[in-house]
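What follows is one structure encoded as structure tokens, with my remarks underneath.
Every read-out reported here was derived from the displayed coordinates using simple, explicitly stated rules and does not represent laboratory data. All values derive from a computational prediction rather than experimental measurement. Positions of Cβ are backbone-derived with ideal geometry, glycine not excepted, and every protein chain shown enters the neighbour counts.
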Amino acid sequence: MNVIFSSEVLLDWLRTDDPVKLDRLWQHADSMRYKCVGDEVHLRGLIEVSSHCVRCCAYCGLRVDNRALERYRLTDAEVLGCVDLAVRYGYGTVVIQSGEDPGLSAARVAGWVTRIKSETPLAVTLSLGERDDEDLQLWRTAGANRYLLRFETSDPVLYKRIHPNRPGMVSDRFALLRRLRRMGYEIGSGVMVGIPGQTFASLARDIQFFQELDLDMIGVGPYIPHPATPLGQGMLPAAGAEQVPATETMVYKVLALTRLIRPDANIPSTTALATLNRTDGRELGLMRGANVVMPNLTPTRYRALYEIYPAKACIGETADACRACLGGRIAAIGRTVAVGPGGRMGKTTPIDTDRSYGATYDSKDL
Ligand code: SAH
């Protein structure tokens with residue numbers, strides 16, 4: 001069904017700068033995308049419900065130690081207002097995202113989910129960080145369909161360095177993803193590309209994990225330094241000659257390889273990528289493996305406060321402008337906007353060419 005890459009072949013691809021080979025990679029990823037998930041692009045309306053966070057992640061501007069950041073939490077009416085817009089704009093899914101905020105009670109989130117599922121045709125994706133199983137189960141029972149939780153890096157030493165545990169609790173996102181799957185969520189995960197300290201070998205391993213976890217959704221974007229964080233201030237060591245650069249091309253490589261190893265996954269062309277290349281980063285992501293975009297529905301006055309990294313693309317735009325802009329970009333590359341919730345299409349998507357893809361990606365081709 002999907003391409004199996006050995007670690008060596010993945011590493012060769014991640015290291016190559018040969019434009020001819022890369023062109024071939026883009027083409028194969030795009031044709032795999034077309035065969036397995038078609039030309040439709042799913043729109044997931046993003047609602048950034050709270051910028052409060054108790055964690056101290058070394059990369060993220062929302063970290064609790066960033067005292068300079070003004071924090072907000074949307075009211076129920078504001079959240080439901082965003083949901084109304086999603087319905088009006090014809091989006092199939094809302095993604096409810098926040099920092100890790102215990103002030104956002106499980107009951108309150110469950111209330112939103114219940115209302116959305118009973119009053120709209122929308123699928124609900126949650127991305128609220130590491131929460132207790134009890135909360136996650138409550139939301140699932142209320143009807144939440146999907147959960148996004150990036151594992152950020154599969155290198156345990158690097159993960160610990162950039163993602164400190166909460167006092168008395170050990171963060172194990174792999175275990176949490178497996179529990180989410182058992183609860184019946186579609187699960188999404190992913191990594192940042194170019195985290196200082198990330199080696200080519202660990203990035204290759206990350207990609208293999210996408211396959212091993214059989215992820216339904218995979219988000220990959222460049223690491224972007226935030227000056228109010230230890231990583232952004234250069235306080236943590238890079239990996240020397242083995243350091244993965246946080247470049248646009250590196251992100252496209254990971255997107256393309258991800259499409260080849262997880263052909264029917266839902267893969268967004270991320271805002272972080274659009275931040276590196278505002279002109280056509282979104283489009284190039286969609287042409288090199290991605291099939292999802294996440295237009296922002298958060299009320300404009302809060303946008304700048306959800307500053308996980310600086311100078312985020314689309315920060316000053318209204319929800320309406322985001323929708324028009326993304327719709328135009330999708331049409332301009334000959335793709336169509338999908339209708340409906342757009343969950344994973346099923347594990348039995350017929351692909352008869354998978355074996356030849358496997359052969360195409362033999363390491364001796366490089
Ligand atoms: N609190 C939730 C949502 C975090 S924001 C959680 O922990 O899952 C969503 C994603 O933004 C993170 O998973 C991370 O991969 C990405 N992100 C955070 N800081 C970033 C930075 N400086 N550059 C690029 N991406 C970043």
Farthest positive-ward along the chain dipole, Cα basis, beta-carbon charges - from GLY221, LEU305, ALA239
LEU305
Linear extension gain, CYS325 paired with PHE174, 0.36 nm per residue minus alpha-carbon span:
50.8 nm
Extension gain GLN233-SER118, at 0.36 nm per residue separation less the Cα-Cα distance, in nm?
36.8 nm
Rounded to the nearest 20 Debye, what is the dipole magnitude of the chain about its Cα centre when Lys and Arg each give +1 and Asp and Glu each give -1 at the C-beta?
400
With the crude spin-label approximation of a point 7 Å out along Cα→Cβ, what separation in nm comes out for VAL64 versus THR279?
4.4
Where in the chain lies the longest segment free of trypsin sites (Lys or Arg not before Pro) that are both loop residues by DSSP (not H, G, I, E, B) and have at most 15 other Cβ atoms within 10 Å?
68-277
What distance in nm lies between label points placed 7 Å from Cα along the C-beta direction at GLU8 and LYS160?
3.2
Taking alpha-carbon centroids only, the range 58-89 lies from the range 260-276 a number of Å equal to 22
Applying a 4.7 angstrom Cβ cut-off across the chain, unpaired cysteine residues come out as CYS36, CYS53, CYS56, CYS82, CYS314, CYS322, CYS325
Could you run the Karplus curve 6.51 cos²θ - 1.76 cosθ + 1.60 with θ = phi - 60° over the range 308-315 and give me ³J(HN,Hα) per residue in whole Hz, x for Gly and Pro?
5, 9, x, 6, 4, 5, 6, 5
Row for the range 181-326, column shape: gyration tensor on C-alpha, a ≥ b ≥ c, rounded if a/c < 1.5 i.e. under 1.5, prolate if a/b over b/c, else oblate; value oblate
May I ask which of LYS117/LYS160; LYS117/LYS253; LYS35/LYS160; LYS117/LYS312 have a Cα-Cα span longer than 32 Å here?
LYS117/LYS160; LYS117/LYS253; LYS35/LYS160
A chain fully extended from THR249 to SER105 at 0.36 nm per residue, minus the present Cα-Cα distance, gains in nm 47.8 nm
Using a 7 Å offset from the Cα along the Cα-to-Cβ direction at both GLU212 and ALA311, what is the distance between the two label points in nm, to one decimal?
3.7
